[in-house]
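**Student:** Input: one structure, supplied below.
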Amino acid sequence: MSIDSEDVELRHKNEEHVDVQSSSGQQTQSTTIAIKNTKSDDDPLLRGTWGSKLDFILSVVGLAIGLGNVWRFPYLCYKNGGGAFLIPYFITLILAGIPMFFMELALGQMLTIGGLGVFKIAPIFKGIGYAAAVMSCWMNVYYIVILAWAIFYFFMSMRAKLPWSTCDNFWNTYTCVNPYVRKEICFDQRVPGQFLANGTAVIAKVCTLGGKNVSASILTDPVKEFWERRALMISSGIEEIGNVRWELAGTLLLVWIVCYFCIWKGVKWTGKVVYFTALFPYVLLTILLVRGITLPGAMEGIRFYITPNLSKLRESEVWIDAVTQIFFSYGLGLGTLMALGSYNKFHNNVYKDAVIVCAVNSSTSMFAGFVIFSVVGFMAHEQQKPVSEVAASGPGLAFLAYPSAVLQLPGSPLWSALFFFMLLLIGLDSQFCTMEGFITAMVDEWPHLLRRKKEIFIAVVCFVSYFVGFACITQGGMYMFQILDSYAVSGFCLLFLIFFECISISWCYGIERFYDGIKDMIGYYPMKWWKFCWCITTPFICLGVFIFNIIQWTPVRYLDYEFPWWAHCFGWFTALSSMLCIPGYAIWLWQKTPGDAIDKLRLIVRIDDDVAALRVKMQARTKKLGERL
């Protein structure tokens, strides 16, 4: 692979003229490249552009707004001090989240190429592109399993009575009791001969079950039993991988088919799909919010969600959670934003677009918090428990807390079906946009091999990813899911990648030249604040939180289950499979490049070309590629 192996394909049907101006406004280099092309718009060699400005905005919104907005952000607010969590959240958003979001979109639009080709701007850091591609592969395999679970629950909701509402199903155990009826069979009882330090008798919760009094601690929940014994049929541990859950294999196949047809025709087709997948979830969220706030106990849940506990700000974990939540929820570091931005016209105002999408993303996270905690408050009210005992995160929120809450609502199957359909739509556009980022990077890197066969290539990627995903839909699949979640797509991997990405542009290529490129695109220089963030605050935050993540790292667990040593080894393998791409490629390219250290620095670390010169060279390669193909 040569340093200059990247080729940018033809973007227009007939003739394209490139006029490059310096940042001072004077035309220092005017290069006109006429690309004669008699091919139709359907020609597979054409790279394509967005059908409209709104297509691009909705696609980026769809990528940025995912499951993390619905099930992780509200939980993190509750866990980390309620409204106080918004302080570190917005600080890190302003100092790192929005700057990186803007940088990635601008970089893709500036060079008109995907997540591998953009590192022509600093060739020694091209390993970042490969790391992002590897991480995207793990993300595609892991993330889509959640959508398969959502479809399973959606189908199970389409009946007169929800299957997790009772304990008389074949998968239920003897100790299964609905939490909403426990107040009828449970009571407080004094424990004979046991007293507290102050002399008060010990009181235990006892329930009458099958004519006998038993401890309330042994009772199980029909919602949890449905999740573990019916949906997952979970085994005792990762050592017992068990059989494939064929129902989940079917729903996983369905999601992959939908994902394929969302992206198979390129961004013009993807841009139309997101009109539904990005907008309709807001309709569903609004419907669920209106229903939620009318429930008894809803205000208690919302109060719990937003009440600040400022003492939490002294804990480093709060700041770590804020940073990782922002980077994941904004889709940073995976090359997807660069790919989506690369289909824009060169003079599109990407600065304004980035600010708009970031505002929509964070607003959606807070809006979803009101939706979720209004229902969680109702559930706590009905079960006569504190909100803290029923609030949960991740799969626990989507597949345990909410299904339990809807049981008490009139027309519960309808509300359940709406909720899981919303989860599917919210996750689907994030999934296929991440796929689009990976496909764009690969096709842009090897256009002569993949451009004409793009539809087949997408089908092969989907097919292989589907079967790799079987590891997460076996009876032991939840344990594999937790390993991938904690290692392969973990916060420390993403922080490592984003740190080098920011350094490669701001320090190696040079922030002034990058700023000149932005000015050439949008017609003016953005405020100097972004320079400060890209050079100082963003890399400092990434490095600092990465170090804290490593120092405070503890072995992953699933509930009370502790993973064996070899599972952790596999987890670290998945993490390092992306992280090591960055130093590995840098060492390889340094050794391969001829010349002394000074020559190598000029060729692969801090190149001489500014953005204008790079675009001219890339247009020349466009013409050469067109002649060859």
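The values are calculated or read from the model by the stated rules, or taken from the named source; none is laboratory data. Not measured: the values here are computed from a predicted model. Every residue, glycine among them, receives a Cβ derived from its backbone with ideal geometry; neighbour counts consider all protein chains shown. To get the accessible areas, we keep the full protein, side chains included, count just its heavy atoms, and leave off ligands, DNA and RNA. Shrake-Rupley method; radii C 1.70, N 1.55, O 1.52, S 1.80 Å.
**Student:** Per the Debye formula with a single identical scatterer at each Cα and no solvent contribution, what log10 I(q)/I(0) holds for segment 258-411 at q = 0.11, 0.15, 0.20, 0.21 Å⁻¹?
**Tutor:** -0.61, -1.00, -1.33, -1.38
**Student:** Here's something else I'd like to know. No solvent, one uniform scatterer per C-alpha: report log10 I(q)/I(0) for segment 200-240 via the Debye equation at q = 0.21, 0.24, 0.30 1/Å, two decimals.
**Tutor:** -0.79, -0.85, -0.97
**Student:** Tell me what the chain gives for mean residue ellipticity at 222 nm when only DSSP H runs of n ≥ 4 count, each as -39,500 (n - 2.57), the sum divided by the residue total, rounded to 500 deg cm²/dmol. Don't jump to the answer; show the numbers that get you there.
**Tutor:** On the way: 27 runs with 342 residues, N = 629.
Roughly -17000 deg cm²/dmol at 222 nm, from the helical runs in the chain.
**Student:** Mark the label point 7 Å from the Cα of Phe532 along Cα→Cβ and return the residues of segment 76-92 whose backbone N is within less than 15 Å of it.
**Tutor:** Within reach of a label on Phe532, which here means backbone N under 15 Å from a point 7 Å along Cα→Cβ, segment 76-92 contributes 91-92.
**Student:** Still on this structure, please answer the following. How do 167-177, 137-147 rank on mean C-beta neighbours within 10 Å, highest first? Kindly include the intermediate steps, with their values, before the conclusion.
**Tutor:** Numbers: 167-177: 14.7, 137-147: 23.0.
Put in order of decreasing packing, that is 137-147, 167-177.
**Student:** Can you tell me the 0 to 90 degree angle between the C-alpha axis of helix 412-445 and the longest principal axis of the chain, rounded to 10?
**Tutor:** Taking Cα atoms only, the helix is inclined about 30 degrees.
**Student:** May I ask you to order 556-562, 378-384, 282-288 by the average number of other C-beta atoms within 10 Å around their residues, highest value first? Write out the running numbers ahead of the final one.
**Tutor:** On the way: 556-562: 12.3, 378-384: 20.1, 282-288: 16.9.
Highest mean packing first, the order is 378-384, 282-288, 556-562.
**Student:** With an 8 Å cut-off on Cα pairs and a minimum separation of 6 or more residues, tell me the relative contact order of segment 419-546 in percent. Before the final figure, lay out the partial values.
**Tutor:** Values: 57 pairs, mean separation 23.7, N = 128.
19 percent.
**Student:** May I ask you to compute the full-extension gain from Ser236 to Asp168, defined as 0.36 nm times their residue separation minus their alpha-carbon distance, rounded to one decimal in nm? The partial results should precede the final answer.
**Tutor:** On the way: separation 68, 0.36 × 68 = 24.48 nm, distance 2.33 nm.
Result: 22.2 nm gained on full extension.
**Student:** Ranked highest first by average number of other Cβ atoms within 10 Å, how do 408-416, 273-281 line up?
**Tutor:** Details: 408-416: 16.2, 273-281: 19.3.
Going from most to least packed, we get 273-281, 408-416.
**Student:** Hey, another quick one. Taking only Cα atoms, what is the 0 to 90° angle, nearest 10, from helix 611-628's long axis to the longest principal axis of the chain?
**Tutor:** Relative to the chain, helix 611-628 is tipped by roughly 80 degrees.
**Student:** If segment 150-237 were replaced by its equivalent ellipsoid, with semi-axes equal to the square roots of 5 times the Cα gyration tensor eigenvalues, what would those be, largest first, whole Å?
**Tutor:** Details: eigenvalues 228, 40, 25 Å².
Value: 34, 14, 11 Å, ordered largest first.
**Student:** Quick one: check the C-alpha center-to-center distance for segment 207-280 versus segment 91-130, whole angstrom.
**Tutor:** The distance from the Cα centre of segment 207-280 to that of segment 91-130 comes to 34 Å.
**Student:** What number, in percent, do you get for the relative contact order of the chain if the mean sequence gap of Cα pairs under 8 Å and at least 6 apart is divided by its residue count? Please report the intermediate quantities before stating the final value.
**Tutor:** On the way: 999 pairs, mean separation 191.4, N = 629.
Relative CO of the chain lands at 30 percent.
**Student:** Right, something else. Could you state the angle between the C-alpha long axis of helix 246-263 and the longest principal axis of the C-alpha atoms of the chain, as a value from 0 to 90 degrees rounded to the nearest 10?
**Tutor:** For 246-263 against the chain, the angle is about 30 degrees.
**Student:** Per residue, how large is the accessible surface of segment 108-266? Use a 1.4 angstrom probe and give square angstrom. Don't skip to the end; give the middle numbers.
**Tutor:** Details: 6720 Å² over 159 residues.
For segment 108-266, the solvent-accessible area averages 42 Å² per residue.
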